[in-house]
Each structure stands twice: as structure tokens, then as C-alpha cells.
1. Mind listing the phi-derived Karplus ³J(HN,Hα) values for the range 49-60, rounded to whole Hz, using 6.51, -1.76 and 1.60 with θ = phi - 60°, and x for any glycine or proline?
2. At a 10 angstrom cut-off on C-beta neighbours, averaged per residue, how do the peptides 37-50, 54-67 rank from highest to lowest?
Amino acid sequence: MLTFIIICATLLGGEGIQQPFTFYVAHRKDGKKGSGSREDPFGDLQYALDTVPDGSVIFLGEGTFSASPV
């Protein structure tokens with residue numbers, strides 16, 4: 001179950017809103033970084049924040065996550 005949403009939305013251009021990219025973060029027991037997809041979520045919030053493009057939506061799985069201020 002996803003319990004938190006971080007939205008970093010931006011409006012681009014005069015032709016409307018660009019649809020954001022969607023990524024997922026969850027605690028992983030396998031130690032892999034993941035691709036950020038729902039089936040293969042990033043294992044670390046800071047890695048996700050450093051990796052995803054501006055305007056992306058990041059869904060966080062259950063648990064406590066930390067990241068450095070931007």
C-alpha cells in the first residue's frame with residue numbers, strides 16, 4: 001500500500017500541463033537500486049530524488065524514508 005506522495009509538478013509551455021513521469025520507492029531487502037517502476041521500485045528515496053527528472057511524481061511505500069534537503 002502506498003501511503004505518501006511527493007509531488008514536484010511543473011507547468012511547461014503555454015500548451016497546457018505536461019504529464020509527469022511516475023516513479024516508486026519501497027524498502028528493498030535485496031539491496032538493489034531498482035528502476036523506479038511499480039514492479040521494480042527504487043530502494044532509496046535519496047537515489048530517487050537524485051535520479052528522476054524534474055516534474056516527476058514519486059510514490060513511497062510503507063515505512064520511514066529520509067533524504068537530504070534539496
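1. Those phi angles translate into 4, 7, 9, 6, x, 4, x, 6, 10, 10, 9, 9 Hz.
2. Details: 37-50: 16.7, 54-67: 14.7.
So the peptides 37-50, 54-67, ranked by packing, come out 37-50, 54-67.
Each reported figure results from applying straightforward, stated rules to the coordinates on display, with no laboratory input. All figures in this text were calculated on a predicted structure; none of them were measured in a lab. As a convention, Cβ positions derive from the backbone with ideal geometry for all residues, glycine included, and neighbour counts pool all protein chains shown.
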